[in-house]
Amino acid sequence: MLEALQTAGVPVLPGDLARDMAVDARAREGFFGRIDAMQRDGQLLINRKGELCVVAKLGLVTGVVQGHPDGFGFLVPDDGSADLFLGPREMHKVLHGDRVTGRRTGTDKRGRPEGEIVDVLERANRTVVGRLYDEHGIGFVVAENRRINQDLLVPPEERGKAKPGDVVVVEIIQQPSPQREAIARVIEVLGGYTDPGMEIEIALRKHDLPHEFSGAARKQADKLPKTVGDGDRAGRVDITGLPLVTIDGETAKDFDDAVYCERKGKGFRLVVAIADVSHYVRDGDALDRDGRDRGTSVYFPRRVIPMLPEVLSNELCSLKPEVDRLCMVCDMEVNADGAIKQYKFYAAVMHSRARLTYTQVWNCLSDEKSAPKDAKPLLPQLKNLYALYHALKEAREARGAIDFDTTEMQLEFDVHGKIVRIVPVVRNDAHKLIEECMLAANVCTAEYLHKHEHPALYRVHEGPTPEKLAILREFLASCALSLPGGEDPTATDYAKLLLTIKDRPDYALLQTVLLRSLQQAQYRPENVGHFGLSYEAYAHFTSPIRRYPDLLVHRAIKAVIARKQYKPSGATWAELGVHCSLTERRADEATRDVENWLKCYFMQDKVGETFDGTISGVTGFGVFVTLDELNIDGLVHVTELGRDYFHFDQGRHAMIGERSGRVFQLAGRVRVKVARVDLETTKIDFTLADEAVAATPVAPATRTRYSEPLARSNRPGKPRAKR
């Protein structure tokens, strides 16, 4: 079609194009359907005369609208060209996420390309979650997604039983246009804004997280057996005599993995058994469709949205103690130096001997006398696991994997579901022991699939982009440091630098900058290795109950064992990689929203109190500070930094006072006062507690003063990087 239109050289009516292309009557429906699709994709545009135009020849760009809470937005082009700034008048025509065509109209006052919207190709928002308000008899909803930056009008007859102040879900019945606001009707009343659990209900709908299983999936789940049947055991290795155990957190219910270790000469035999979800969830069935749609289980504080129904995730597939379960096994031989010498995969039936927690295992390893009576028979293999951990740890260090020193924080709640305290998660060697076992199995998985040339999804983590590497090198140079490796540094280069600087007082700053220079891990069918872990190939095998990529990998392994080829239905491997990466980010964003709201609620009664903290982000409008022992973030606006003109130095990650010379740099130490907590926007504002010092002028010749760097012994924790 595009070729025919370009040959014509002028806009053409659809009927004339069909005639020119000799489209017969039987193919006309598909022909006009294709025209509609090409309009949605931004390839074609119909002008006022009803003629088809090639968008590329009109000087138009196609892309997605990205809204901003302050009323403006941007058109982000599909071709990766510069974003077009959209002023409030243009944003009145659309909502965040809409696909549009637009044209550049000039440059705004800040030198950014500015544009206008020519046509809306596809509306992104059918339903919206928000809060209902009533002013002078006019009802409207303010969306929880602040990027949807215009109110949605709700006529009186469309409110249902909703009252002003309620959190509601509305359906948009008229999309916005240059002449009118969007009009919506209430289709669900969720309740009061501060009702227990409301923050999760909002996040589910704001991020379009599937949270109810389809009728077909529920029906299929209801038909599943309660136990492993005789027919399920056929063709499987019986390892029920092996004393496998699960080691998880105290609150875990979905036990994906079990481990066993024994001495073999100077080395070890490590058996990692993973729940065989693929036996019950087959490609293309109802459970598979729902699982693919979700992509991952989502772990909110006090609530889990599972990828699969609980009859599977918490029962039939969960490796519970003292019951037979189907599993996929990675059986490895590891030498005394922590190198995996050989491995094999097979389907099996197992029987877990115990459900242990990290705390129990660490207590047993730290003091054998404290081991509970039922755990004492397992002590020999726990000691073998611990010895294996040390061998694998040494191999990791020799390999040059990056190991950032981070700490997770845990929220503790009262009976009403509100935070009462925030405490650091104590990460002992039992956590690390299991992590190393899972890493070993995942590496064998990737190597196995790569060796047999079977398509799959790899967990890919690439090194820094040239742009990020240049910024990193500029920053390190200002600290009299350098990153080895030239234009293509390796994980070993990062690890060596971290080892060099571990005793410096500015270690936290340097570690943060190094971490931020790396790209985000993702799922892709192309194996380009895992930069952070320093693996040539890496895949996720160990959590098929809660991660869809792992389920796909299990099917691929079974196909290799059976000398067959597994081809997922309904999507290519590349499309599945993009989808799984997006669902992972969606889950992360939703849990972050919930935690931020809970933290704001926790801080409501602390306005006026002072806290010590660390500068965790620097922007042109101020600095973000993370409070010690709470891991709660807030903003010190640039106007609160002191009576001075502060300039943002991106290369140094700092705000620098023009007259005073005072520097607020990433990872610097500050004392702040809580000035404001806004529950609706989940934002916390701080002011400097030491205002007198902040405002004290310093002569221009005076040496630049830095906020006190964070001592390594006094660093608050940050969440661990995803692998």
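No value in this document is a laboratory result; all are computed from the given coordinates. What you are looking at is a predicted structure, and each value in this text was computed from that prediction instead of being measured. We place every Cβ from the backbone using ideal geometry, glycine too, and count neighbours over all the protein chains shown.
Descriptive notes on the structure:
- Alpha carbon centroid spacing (whole Å) that separates segment 260-287 from segment 501-574: 18
- Rounded to the nearest 20 debye, dipole of segment 550-615 from Cβ charges on Lys, Arg, Asp, Glu: 820
- Isotropic mean projected area of the C-alpha convex hull, segment 588-687 (nm²): 6.6
- Cα gyration tensor category, rounded, prolate or oblate, for segment 215-447 with a/c compared to 1.5: oblate
- Candidate lysines for bridging to residue 418, where Cα separation is under 24 Å - those fewer than 8 sequence places away on the same chain excluded: 206, 253, 599, 606, 673, 683, 718
- In segment 112-157, the alpha-carbon atoms span a convex hull of 144 Å³ per residue.
- Interchain or long-range residues, amide H under 5 Å from residue 244's placed H: 351, 353
- For segment 2-56, convex hull of alpha carbons as volume per residue, Å³: 74
- Among the GluC sites (Glu not before Pro) in segment 461-547, those placed in a DSSP loop whose Cβ has at most 15 other Cβ atoms within 10 Å are 487, 526, 536.
- Pairs of alpha carbons in segment 463-518 whose separation is greater than 14 Å (percent): 49
- As a length-normalised measure over Cα pairs under 8 Å and 6 or more apart, the relative contact order of the chain settles at 9 percent.
- Seen from all directions on average, the chain presents a Cα convex hull projection of 38.7 nm².
- Under 5 Å between amide hydrogens, built in the peptide plane, is the criterion, and for residue 44 it picks out 39, 55 among residues at least 5 positions away or on other chains.
- Among the GluC sites (Glu not before Pro) within segment 189-226, those in coil by DSSP and having at most 10 neighbouring Cβ atoms inside 10 Å are 212.
- For segment 432-437, 3J(HN,Hα) per residue [Karplus equation, 6.51 cos²θ - 1.76 cosθ + 1.60, θ = phi - 60°, Hz, x = Gly/Pro]: 5, 4, 5, 4, 5, 5
- Whole-Hz ³J(HN,Hα) from phi, Karplus 6.51 cos²θ - 1.76 cosθ + 1.60, for segment 648-665, glycine and proline x: 7, 9, 5, x, 9, 6, 8, 10, 10, x, 5, 9, 7, x, 6, 10, 10, 10
- Among 409, 438, a tally of other beta-carbon atoms within 10 Å of each Cβ gives an order, fewest to most, of 409, 438.
- Which of 93, 468, 163 has the fewest Cβ neighbours within 10 Å, and the rest in rising order: 163, 468, 93
- Mean separation of Cα contacts under 8 Å, 6 or more apart, over the residue count of segment 512-555: relative contact order %: 22
- The packing ranking, built from the mean of other Cβ atoms within 10 Å per residue, places the peptides 680-686, 559-565 in the order 680-686, 559-565, highest first.
- Most tightly packed first, judged by the mean number of other beta-carbon atoms within 10 Å of their residues, the peptides 510-520, 291-301 read 291-301, 510-520.
- Point-charge dipole on Cβ atoms (K/R +1, D/E -1) for the chain, about Cα centre, debye to 20: 1020
- Computed helical MRE - 222 nm, the chain, DSSP H runs ≥ 4 contributing -39500 (n - 2.57), nearest 500: -8500 deg cm²/dmol
- Charge-dipole axis of segment 91-135 as Lys and Arg at +1 and Asp and Glu at -1 on Cβ define it, positive-most pick from 128, 95, 106: 106
- Equivalent ellipsoid, segment 127-193 (semi-axes from 5 times Cα gyration tensor eigenvalues, Å): 17, 13, 11
- Pairwise centroid distance, computed over Cα atoms, of segment 1-69 with segment 305-351, Å: 53
- Ranking 465, 148, 165 by how far each Cα lies toward the positive end of the dipole of the chain (charges on Cβ) leaves 465 at the top.
- Farthest positive-ward along the chain dipole, Cα basis, beta-carbon charges - from 611, 601, 375: 375
- Here the 3J(HN,Hα) profile of segment 478-486, calculated from phi with Karplus coefficients 6.51, -1.76 and 1.60 at θ = phi - 60°, is 5, 9, 6, 10, 8, 9, x, x, x Hz, Gly and Pro shown as x.
- Built amide H within the under 5 Å cut-off of residue 173, gap 5+: 183, 184, 185
- Charge dipole (debye, nearest 20) of segment 262-366; +1 at Cβ of Lys and Arg, -1 at Cβ of Asp and Glu: 420
- Taking the DSSP beta bridges with both ends in segment 233-378, the antiparallel portion is around 80 percent.
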